[in-house]
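J.: Sharing a structure, written as structure tokens. Questions coming.
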Amino acid sequence: MVYQHRYLDSSSLDLPVGKVVCIGRNYLDHIRELNNAVPETPILFMKPATALVALEQPIHLPAGRGECHHEVELAVLVGQELRDADAKAARRTVVGYGVALDLTLRDVQNELKQKGHPWEVAKAFDGSCPLSPFLKPEALTDPQATDLTLWVNGELRQQGNTRLMMVGIFELMAHISTHFTLQPGDVVLTGTPAGVGPLRSGDALVLSLAGHEFATRVA
Ligand code: ZN
């Protein structure tokens, strides 16, 4: 099935499917669990449009490439072009909030990191960004104080709140816009709280954002 952006209430959302711009290390508890240093400026990376898949589709883990970790993240849908913007302007371009998995080939990433190489192939592979339908912006009372949760096989794996981000959502979008123009249909992933870990075939997942639950499974 070809991925299209959609709203949870199935009202129309006519935006192309663009790139996904992500931040690494935006929650202190996650930085500590991977023994990473706290970055001075946001660590940005991208996933191409081919990374996007509807969250409810079964997740296909790349075979033979080691552990594939879940990272549950708040996803922001961009509705208007944003370039060299400030946080206020960034906020006005948001047309939806969803919940995504930033799937990460952790063994591949660690090996590349050790060699000092870019870790694109660990993050940007086809299907590496399962994404829920979007809530309208007004559905979140405060996007910067929203609960984000992942259960795997009924076990709580990741639990965070967007107030614990080091770089806030709109500051992050503004920062991104000084490096890469954000275009209508682009998605921004805002980092993962602690609790990342490997997924296995047959796992049943439930992601929640502000109390809205989305179920999926690993093929
Ligand atoms: Zn991530």
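The values are calculated or read from the model by the stated rules, or taken from the named source; none is laboratory data. What you see is a predicted model; the values in this text were computed from it and never measured. With ideal geometry, Cβ positions are generated from the backbone for all residues, glycine too; neighbour counts draw on all protein chains shown. Just the protein is used for accessible areas: all its heavy atoms, side chains included, with ligands, DNA and RNA removed. Shrake-Rupley method; radii C 1.70, N 1.55, O 1.52, S 1.80 Å.
J.: When you look at Leu148, is it part of a strand (DSSP E or B), modelled with pLDDT of 95 or more and within 16 Å of the ligand (Cβ to nearest atom), yes or no?
T.: Numbers: part of a strand (DSSP E or B): yes; modelled with pLDDT of 95 or more: yes; within 16 Å of the ligand (Cβ to nearest atom): yes.
Criteria met by Leu148.
J.: For the range 174-211, name all the residues that are assigned to a strand (DSSP E or B), more than 16 Å from the ligand (Cβ to nearest atom) and in contact with a helix residue (DSSP H, G or I) (Cβ under 8 Å, 6 or more places away or on another chain).
T.: If the condition is that a residue be assigned to a strand (DSSP E or B), more than 16 Å from the ligand (Cβ to nearest atom) and in contact with a helix residue (DSSP H, G or I) (Cβ under 8 Å, 6 or more places away or on another chain), then Leu182 is the only one that fits.
J.: Would you mind stating whether Ala145 is over 22 Å from Ala54 (Cβ atoms), open to solvent by 10 Å² or more (accessible area, probe 1.4 Å) and touching an Asp or Glu at 6+ places or on another chain (Cβ under 6 Å)?
T.: Working: over 22 Å from Ala54 (Cβ atoms): yes; open to solvent by 10 Å² or more (accessible area, probe 1.4 Å): yes; touching an Asp or Glu at 6+ places or on another chain (Cβ under 6 Å): no.
It is false that Ala145 is over 22 Å from Ala54 (Cβ atoms), open to solvent by 10 Å² or more (accessible area, probe 1.4 Å) and touching an Asp or Glu at 6+ places or on another chain (Cβ under 6 Å).
J.: Still on this structure, I have one more. Let me confirm something: among Phe180, Phe214, which residue is farther than 22 Å from His30 by Cα, buried (at least 16 other Cβ atoms within 10 Å of the Cβ), modelled with pLDDT of 95 or more and aromatic (Phe, Trp, Tyr)? Step through it out loud before you land on a result.
T.: Numbers: Phe180 fails: buried (at least 16 other Cβ atoms within 10 Å of the Cβ).
One residue alone meets the criteria, Phe214.
J.: In addition: Can you work out which of the residues in the range 60-91 that are aliphatic (A, V, I, L, M) and part of a loop (DSSP other than H, G, I, E, B) is most open to solvent (accessible area, probe 1.4 Å)?
T.: Ala63
J.: Are any residues in the range 151-173 of a type in the set (Gly, Ala, Ser), outside any strand (DSSP E or B) and on the phi < 0 side of the Ramachandran plot, and if so, which ones?
T.: Residues of the range 151-173 that are of a type in the set (Gly, Ala, Ser), as a first pass: 154, 160, 168.
This time we only want the ones that are outside any strand (DSSP E or B), so: 154, 168.
Gly168 - this is the single residue of the range 151-173 that is of a type in the set (Gly, Ala, Ser), outside any strand (DSSP E or B) and on the phi < 0 side of the Ramachandran plot.
J.: Additional query: Within the range 92-117, take every residue that is touching a residue at least 12 places away in the same chain (Cβ under 8 Å) and acidic (Asp, Glu) and give me the one that is surrounded by the fewest Cβ atoms within 10 Å (Cβ to Cβ).
T.: Taking the range 92-117 first, the residues touching a residue at least 12 places away in the same chain (Cβ under 8 Å) are 92-109.
Within this subset, residues satisfying the condition of being acidic (Asp, Glu) are 102, 107.
Numbers: Asp102: 26, Asp107: 15.
Restricting to residues being touching a residue at least 12 places away in the same chain (Cβ under 8 Å) and acidic (Asp, Glu), the top hit is Asp107.
J.: To continue, here is another question. Taking into account only those residues within the range 10-59 that are among the acidic types (Asp, Glu) and part of a loop (DSSP other than H, G, I, E, B), which is modelled with the lowest pLDDT?
T.: So in the range 10-59, the residues among the acidic types (Asp, Glu) come out as 14, 29, 33, 40, 56.
Among the residues that remain, those that are also part of a loop (DSSP other than H, G, I, E, B) are: 14, 40, 56.
Values: Asp14: 93, Glu40: 87, Glu56: 97.
Going through the qualifying residues, I end up with Glu40.
J.: Being more than 14 Å from Thr192 (Cβ to Cβ) and open to solvent by 40 Å² or more (accessible area, probe 1.4 Å) is the filter here, so list the residues in the range 12-46 that pass it.
T.: Ser12, Asp14, Pro16, Val17, Lys19, Asn35, Ala37, Val38, Glu40, Thr41, Leu44, Met46
J.: What number goes with the only condition from (1) of a type in the set (D, E, K, R); (2) within 16 Å of the chain's Cα centre (by Cα); (3) at pLDDT 95 or above that Asp86 does not pass?
T.: Evaluating Asp86 over (1) of a type in the set (D, E, K, R); (2) within 16 Å of the chain's Cα centre (by Cα); (3) at pLDDT 95 or above leaves (2) as the failure.
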